[in-house]
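Where a number appears in this text, it was derived from the coordinates with a stated rule and is not lab data. This one's a predicted model, so the numbers in the text were calculated from it and none came from an experiment. Glycine gets a Cβ as well: all are built from the backbone with ideal geometry, and neighbour counts include every protein chain shown.
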Amino acid sequence: MKKSIGKKIILSYFLILVISFTLVGIMFYFIMLNYIERGVANQLIIQGREAAALINKSFENRDVFKERTFLRIVRDTFWGRKMQVSGQDYAILDPRGNVLFTNVKSLKGKNIDINNFKRIRRGYYSRKGDKISVILPLDRGYLMLSGRLKGIKIMTLEILRILLLTFLISGIIVINIGMFLSRSITAPIKKMAITASRLKERDFDVDIDINTGDELQELGDTINDMARKLKDYDLAQKRFFQNVSHELKTPLMSIQGYAEGIKDGVFKEDGIEVILNETARMRKLVNDIIYLSKLETVNDFFNFAETDINEVIRKSVEKFEGVARLRNIEIEMKIDGPGKIRADEEKLLQAVANLLSNAVKHARSKIRVSKEVKDSWVVIEVADDGEGIDSKDIDKVFERFYKGKNGDTGIGLSIVKTIVEKHGGKVKAYNSKNKGAVFRIEIPQNFHI
């Protein structure tokens, strides 16, 4: 069974809450314990100073260790005060740490290693369990006081009680916040899942309305944009097949008609000429369609390498100089700037050649081919002095099978657009001030896929 995102969010929040409270509780417990421990140790040291002063005074009598009154002096010094310790014990140590006097039977005859005690203020202290011991220096030896911490268990239970109560209140708040956040996340996701299902069924008339102001809204907008582009692509594919069918149908009908006429004796050699011409037109159309399809779909169809774009332009111009002379058209070429770029030489040659072919068809007397470098971009322009492009055609000239005035198959400019875009560039068409058409290519010098 799949877990919903909402449950995962609530569970993650709850786990974070548990971990946070556990860490806070542990830290708080040890901080409080250390605070109380040092506080008691300081109290013992303060109290022990008075006792140490009396004991040092008693040291003036060398027989003091044999007198029971000495133990009474020490005992009276401690018991007359109220402290945060209970079961107070004491011991007098010689300079080597040997126990001389004590009220604890287990310490009699023992040796206390002062190195095991921590330094604090003017004395030393140590804790074992709930027992705190401090050692203060005397003129001849040491005074050790011990006591048990009061209320450690009570303090622990109180901390646990407060943490538990806070945890329960925080848990309720977290669950409510988690439910609210999960709904705000899962609701848009469900909308996008439904939309994706509709897209899978080729239903592109979808529009997700998500107004969360975050990445989910951005994703929703992206899906809407994807749906629109898929719809446009689907329509383009349908138009493509319709146009292909139409383009192939016309020459096929001519071929069929002239072939039947030849068969029936209506046409002779002139019919064969028409059939050959229509067959050549069909072959060119099919080749252009296959070439365009490879440009758009085959990933390794492009071979990027260091290319001299200046040489590419010169070769393209040379291909059309003969045709241009026959039509009394002059081709003016102006090449500025370095020519080394990273590109597919063959494909760029095809793109520039297609633009020149289009220019030769529409030019009256002159074609201008120019190239320059602007901010690491190579700009190529092919302009003619013809009638220009109709305003209604400018935004459509690069569409497949779109034919403007005196257009051919409508594939050539689509091939140009695809090649340029595969090089990370862009192409556009506009009319010059003299009404001639201008086609502008812009590609980066160092394009990397």
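With a ≥ b ≥ c taken as the square roots of the eigenvalues of the C-alpha gyration tensor of the stretch 236-352, please select rounded if a/c is under 1.5 and otherwise prolate if a/b is larger than b/c or oblate if it is not?
oblate
Excluding LYS128 itself, calculate the net charge of residues whose Cβ lies under 12 Å from the Cβ of LYS128, where each Lys or Arg counts +1 and each Asp or Glu counts -1.
+1
Using DSSP, restrict attention to beta bridges with both residues in the chain and report what percent are antiparallel, rounded to the nearest 5.
90 percent
GNM, the chain, Cα, under 10 Å: largest mean-square fluctuation among LYS190, LYS347, LYS131?
Ranking LYS190, LYS347, LYS131 by mean-square fluctuation puts LYS131 first.
Within 13 Å, Cβ to Cβ, of ASP94, how many net charges do the neighbouring residues add up to if Lys/Arg are +1 and Asp/Glu are -1?
+2
Less than 16 Å apart at the alpha-carbon level, and either on another chain or at least 8 residues along: which aspartates and glutamates does that give for LYS105?
Qualifying aspartates and glutamates at Cα under 16 Å: ASP89.
Tell me the Kirkwood hydrodynamic radius of the stretch 141-297 in angstroms, computed as one over the mean inverse distance between distinct C-alpha pairs.
24.0 Å
Pick from GLY412, GLY388, GLY147: which residue has the top mean-square fluctuation in a GNM of the chain where Cα pairs under 10 Å get a spring?
Most flexible of the set in this elastic network: GLY147.
Do the sum for the chain: with -39,500 (n - 2.57) for every DSSP H run of n ≥ 4, divided by all residues, what is the mean residue ellipticity at 222 nm, to the nearest 500 deg cm²/dmol?
Working: 8 runs with 241 residues, N = 449.
For the chain, the value works out to -19500 deg cm²/dmol.
Under 19 Å Cα-Cα from LYS284, which aspartates and glutamates qualify once same-chain neighbours fewer than 8 residues away are excluded?
The qualifying aspartates and glutamates are GLU247, GLU273, GLU296, GLU346, GLU399, ASP408.
Let me understand the chain better: what is its radius of gyration from the alpha carbons, and its Dmax, in angstrom?
Just the Cα atoms of the chain yield Rg and Dmax of 48.2, 156 Å.
Relative contact order of the chain: what whole-number percent is it, with Cα pairs under 8 angstrom and at least 6 residues apart?
The normalised contact order for the chain reaches 10 percent.
Rg to Rh ratio, the stretch 292-400, alpha-carbon atoms and Kirkwood radius?
Result for the stretch 292-400 is an Rg/Rh of 0.99.
Going by a ≥ b ≥ c, the root eigenvalues of the Cα gyration tensor, does the stretch 231-304 fall in the rounded group (a/c under 1.5), the prolate group (a/b larger than b/c) or the oblate group? Intermediate results must be reported in sequence, preceding the final value.
On the way: a/c = 5.90, a/b = 2.11, b/c = 2.80.
Cα axes put the stretch 231-304 in the oblate bin.
If the limit is 30 Å between Cα atoms, which of LYS249/LYS371; LYS231/LYS294; LYS371/LYS422; LYS263/LYS319; LYS319/LYS435 go over it?
LYS249/LYS371; LYS263/LYS319
For the cross-link pairs LYS191/LYS426; LYS347/LYS396; LYS334/LYS428; LYS190/LYS417, which exceed 30 Å when the distance is taken from alpha carbon to alpha carbon?
Working: LYS191/LYS426 36 Å; LYS347/LYS396 22 Å; LYS334/LYS428 20 Å; LYS190/LYS417 38 Å.
Where the Cα-Cα span goes over 30 Å, the pairs concerned are LYS191/LYS426; LYS190/LYS417.
Please tell me the relative contact order of the stretch 304-369 in percent, rounded to the nearest whole number, where contacts are Cα pairs under 8 Å and at least six residues apart.
In percent, rounded to a whole number, it is 50.
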